[in-house]
Amino acid sequence: MSYLSRINGPDDVKQLTTEECGALAKELRQTIIDTVSRQGGHLASNLGNVELTIALHRAFSSPKDKIIFDVGHQTYTHKLLTGRQAQFDTLRSYHGMSGFPCRQESEHDLFDTGHSSTAISMALGMARARDLQGEDYYVVAVVGDGALTGGMCYEAMNDAGSGQGKLIVILNDNEMSISKNVGALSTYFKHLRASASWYGNKKRIRRDLERIPLIGSALAHLIEQAKNMVKSVVTEGAMFEALGFRYLGPFDGHSVEEMTHVFEEAKQVTDMPVLIHVITRKGNGYDLAERQPEKFHGVAPFRVENGLKRNQSSKESAAQAAGKALVALGAEDRRVVAITAAMTGGTGLGEFAEFYPERFFDVGIAEQHAVSMAAGMARAGLRPYFAVYATFLQRAYDQIVHDVCLQNLPVCILADHAGLVGDDGKTHHGVLCVPMLMSIPNLTLLAPRDVQQIRGAVRASLGVDGPCVLVYPKDGIEPYAGFDDPQAFKVGVWQSLQQGGDCALLAYGRMTKHALEAASMLKAQGIDAEVIDCSSLRPMDEACLARLFVSRKKLFVIEEGELIGGFGAEISRICVERGAQQPVCLMGTPNRFITHGSVGQLLEECGLSPAQIADRVKRTLAGTVETENTNG
Ligand SMILES: Cc1ncc(C[n+]2csc(CCOP(=O)(O)OP(=O)(O)O)c2C)c(N)n1
């Protein structure tokens with residue numbers, strides 16, 4: 001019987017000897033590799049923290065003690081040790097287990113998270129609530145060195161450092177964010193890590209001293225204490241100490257014994273917060289991931305023997321199309337610079353970084369800073385492009401409003417992963433992107449329908465003398481036959497892709513294709529629908545709108561985004577304002593957080609497949625549609 005199958009919860013982990021924990025770690029790694037190779041997911045980070053998580057569940061008593069994982073992409077071992085083995089093979093699938101912490105799944109998950117650098121704030125909040133309510137438990141935040149490039153961590157540490165006790169921050173330092181970690185802090189951590197070799201020596205010396213009869217143990221303890229004091233106060237962890245934390249480390253994050261011991265030690269410090277610096281190796285235990293941790297950070301299903309994707313696709317992704325277009329723009333205009341917040345590969349900026357390293361900036365996981373820095377660059381004469389996933393852009397809302405749009409600066413944001421993203425689920429969908437941006441003055445908002453139009457829109461954005469955001473989905477959509485002229489993209493111009501007198505379907509992004517498909521289904525049923533690609537969300541095509549109002553055709557607005565405050569809502573507002581004499585029907589994502597699954601399954605859940613669109617149009621025109629509740 002395997003050790004893992006005997007673990008029904010953290011109490012069972014506590015029963016294991018150190019050697020048994022070693023065997024358990026092996027089984028956990030194998031389970032994670034097998035499952036992720038079938039389901040896709042975050043591999044390298046989860047292989048890196050197996051022992052760390054075992055030790056956490058040995059030293060602390062979850063759910064009484066609160067363990068909060070920053071981001072939450074590295075919680076597979078935690079899930080497997082907290083009673084969720086049976087569901088693990090449904091990881092990230094529709095109605096299956098979430099790839100991130102999920103409160104609905106387990107009392108051991110404290111927040112549903114997926115965005116970085118929030119754990120210390122949440123932990124401090126819980127610690128304060130505990131103290132105020134006279135309760136007694138430990139609160140632990142597990143934070144990566146990548147996450148520690150996010151400014152919120154320092155806001156939280158600055159706040160906690162004024163004396164918050166029984167708050168433990170574990171810095172899981174693997175030198176990697178998704179790619180190599182960046183900035184002055186990563187250099188600082190390197191210095192701290194250099195003393196890890198000292199720690200190895202210390203263990204050996206301690207072992208030797210302990211062999212001395214009678215006084216050996218006490219002597220070793222004394223020397224260790226003195227060394228620890230000198231070590232942390234004089235050199236190591238000075239930055240954390242200055243923030244009011246007791247710094248312990250660095251320690252070997254792959255030794256369950258060492259970790260358990262250190263965590264127990266940290267529990268004794270009750271009058272100030274503690275930061276424990278742990279060194280781990282991303283991808284540990286799977287050779288391919290150890291050698292290419294960036295490639296194996298987040299993976300689609302792959303073959304374990306060679307690491308190759310199970311479903312190879314030669315299709316160009318939206319990010320690749322945007323990245324290539326930016327490289328071309330960079331060749332023509334030296335003012336063009338590119339910015340990423342720790343997502344070079346994901347946002348398609350790899351080639352730009354290679355071609356123009358001096359014009360490429362990875363600022364760390366710091367979206368707010370990225371936007372304000374771009375404002376500075378634009379103010380001083382550059383044309384900055386910040387490529388970012390739509391969901392992470394939420395964080396920089398005020399910077400977009402205050403630092404960019406209020407100043408009317410030519411900053412261009414490439415908002416990738418807009419709409420539904422699929423298996424990463426509710427923390428990662430970019431369905432709030434359009435509503436979030438729709439109302440900001442001065443902003444040009446473009447939503448190209450396919451990779452060809454993305455190229456056209458990137459090019460067109462350089463001609464926009466003010467703030468501009470391009471939104472496009474995660475998946476690349478190949479140009480549709482007959483509509484693939486890259487020069488055709490014009491700001492403020494909509495394109496009628498198909499004529500039809502019975503009604504008009506207005507769509508943007510991925511939904512344009514669905515509208516076309518729906519229109520051909522309707523045609524087969526005798527309904528002629530015009531299909532309009534509204535890729536310029538702001539400014540709108542006033543001439544086209546005026547024509548539609550005169551025609552009195554029923555309007556159907558179809559968008560892969562939140563209905564409230566979205567493009568359709570704005571069209572409705574304009575209709576009311578201008579006294580338009582026709583009904584408007586809106587289709588979009590409902591006002592709730594949408595689960596994980598394939599994009600197709602999720603679109604279906606939201607009623608946005610071509611067949612569902614056609615059906616809704618048909619029923620509406622026939623007057624048989626019931627009022628649909630969009631707030632569910
Ligand atoms: C606000 C935000 N921006 C970007 C990301 C994408 N992201 C997920 S994990 C990650 C790297 C995290 O690195 P680290 O904290 O060191 O954890 P590791 O994966 O190395 O264990 C990034 C950039 C995110 N989750 N949240």
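Things worth noting here:
- Among 161-169, 549-557, the order from most to least packed when residues are scored by Cβ within 10 Å on average: 161-169, 549-557
- For the chain, a simple Cβ point-charge model (Lys and Arg +1, Asp and Glu -1, everything else neutral) yields a dipole of about 420 debye relative to the Cα centre.
- Using a Förster distance of 60 Å, the FRET efficiency for N408-L308 (Cβ separation, nearest 0.05): 0.80
- For region 494-622, the relative contact order is 27 percent, taking Cα pairs closer than 8 Å that sit 6 or more residues apart in sequence and dividing their mean separation by the residue count.
- Peptides 504-510, 148-154 ordered by average Cβ neighbours within 10 Å, highest first: 504-510, 148-154
- Beta bridges from DSSP with both residues in region 318-471: antiparallel share about 5 percent, rounded to the nearest 5.
- Region 368-390 versus region 8-78: alpha-carbon centroid distance in Å: 39 Å
- With bins 5 Å wide beginning at 0, the percent of Cα pairs of region 494-622 falling in each bin runs 2, 11, 22, 25, 21, 12, 5, 1, 0.
- Nearest-ten-degree value, helix 256-267 long axis tilted from longest Cα axis of the chain: 90 degrees
- Helical runs assigned H by DSSP (4 residues or longer) give the chain a calculated mean residue ellipticity at 222 nm of -11500 deg cm²/dmol, each run adding -39500 (n - 2.57) before division by the residue total.
- Shape category assigned to region 318-471 from the gyration tensor of Cα positions, a/c cut at 1.5: rounded
- The phi torsions of region 356-361, fed into the Karplus equation with coefficients 6.51, -1.76 and 1.60 and a -60° offset, translate into couplings of 10, x, 6, 10, 10, 10 Hz, rounded to whole numbers, with Gly and Pro shown as x.
- Calculated FRET efficiency for the pair Y397/K64, C-beta based, R₀ 30 Å, to 0.05: 0.25
- Stretched out straight at 0.36 nm per residue, the stretch from A524 to A611 would grow longer than its current Cα-Cα span by 30.1 nm.
- Reachable aspartates and glutamates, given that their alpha-carbon falls under 20 Å from the alpha-carbon of K190 and they are not under 8 places away in the same chain: D145, D173, E175, E236, E241, D252, E290, E294, D362
- A straight line joining the Cα centroids of region 548-611 and region 302-342 runs 31 Å.
- Once backbone amide H atoms are built at 1.01 Å from N, D112 has R103 as its partners under 5 Å, excluding neighbours fewer than 5 places away on the same chain.
- Take 358-364, 324-330, 514-520 and order them by the average number of nearby Cβ atoms within 10 Å per residue, most first; the result is 514-520, 324-330, 358-364.
- When only alpha carbons are used to place a centre, region 235-260 and region 91-161 end up 19 Å from one another.
- Antiparallel %, DSSP beta bridges [both residues in the chain], to 5: 15 percent
- Segment V269..T17, full-extension length gain: 88.2 nm, with 0.36 nm per residue of separation and the alpha-carbon distance subtracted.
- Note on K26: lysines with a C-alpha under 18 Å away, same-chain residues under 8 apart excluded, are K14, K79, K282.
- For V142, residues with placed amide H under 5 Å, excluding near neighbours: I68, F69, D70, I170
- Under 18 Å of direct C-alpha separation, and excluding same-chain neighbours fewer than eight residues apart, K553 reaches these lysines: K523, K618.
- Solvent-free Debye scattering, log10 I(q)/I(0), computed from the Cα coordinates of region 87-162 at q = 0.12, 0.16, 0.24 Å⁻¹: -0.43, -0.71, -1.12
- Along principal axes, Cα extents of region 506-558, largest first, whole Å: 33, 26, 11
- Here the Kirkwood formula, the inverse mean of 1/r across different C-alpha pairs, assigns region 143-190 a hydrodynamic radius of 11.6 Å.
- Rounded FRET efficiency, nearest 0.05, which uses the C-beta distance separating R379 from T90 and R0 of 51 Å: 0.55
- For the chain, the alpha carbon positions stretch 98, 57, 52 Å along the principal axes, listed from largest to smallest.
- Using only side-chain charges placed at the Cβ, +1 for Lys and Arg and -1 for Asp and Glu, the dipole size of region 318-471 relative to its Cα centre rounds to 300 debye.
- With 29 Å as the limit on Cα-Cα distance, the pairs of K66/K295; K309/K474; K315/K426 that go past it are K66/K295.
- Residue among L171, Q452, Q104 farthest towards the positive dipole end of the chain, charges placed on Cβ: Q452
- Taken one residue at a time, the phi angles of region 23-28 give Karplus couplings (6.51, -1.76, 1.60, θ = phi - 60°) of 5, 4, 4, 4, 5, 4 Hz. Gly and Pro are set to x.
- Equivalent ellipsoid dimensions for region 563-632 as semi-axes, Å, which come from the Cα gyration tensor, largest first: 24, 16, 10
- Shape call, region 7-127: gyration tensor on alpha carbons, a/c limit 1.5: oblate
Every number here is computed from the coordinates shown, using simple stated rules; none is lab data. Here the structure is a predicted model, which means the values were calculated and not measured. So basically every Cβ, Gly included, is an ideal-geometry build from the backbone, and we count neighbours across all protein chains shown.
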